[in-house]
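Report on one structure; see the data block that follows.
Derivation of every value follows stated rules applied to the coordinates shown; laboratory data play no part. Being a predicted model, the structure only gives us computed values, none of them experimental. FYI the Cβ positions are ideal-geometry reconstructions off the backbone, even for glycines, and counts take in every protein chain you see.
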Amino acid sequence: MITVRVNGKEATSYNTKGAIFSLQHYIARMSAYVTLWPGDVIWLGCDGPTLPALEPGDLVEVVNEAIGVPRQPGR
């Protein structure tokens, strides 16, 4: 399960099993163009739009028990 928080509030939560293509497919396609290294994090986006839309300065957190909580402060 992946949860996306914006400024501490849950924006969306979804399971990657619902993706159109498998994660293996995405990784194979990406690795044709870029070298992936152990520890790289691949972000495939969300299952829908973030509402309200992101604004400069928003803090986005991706919650996944396998990788922890990467945070990206807005610019």
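Figures for the structure shown
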read-out	value
Sites Tyr33 and Lys9 - FRET efficiency at Förster radius 30 Å, r taken between beta-carbons, to 0.05	0.30
Simple spin-label estimate for Phe21 and Glu55 in nanometres, 7 Å along Cα-Cβ	3.6
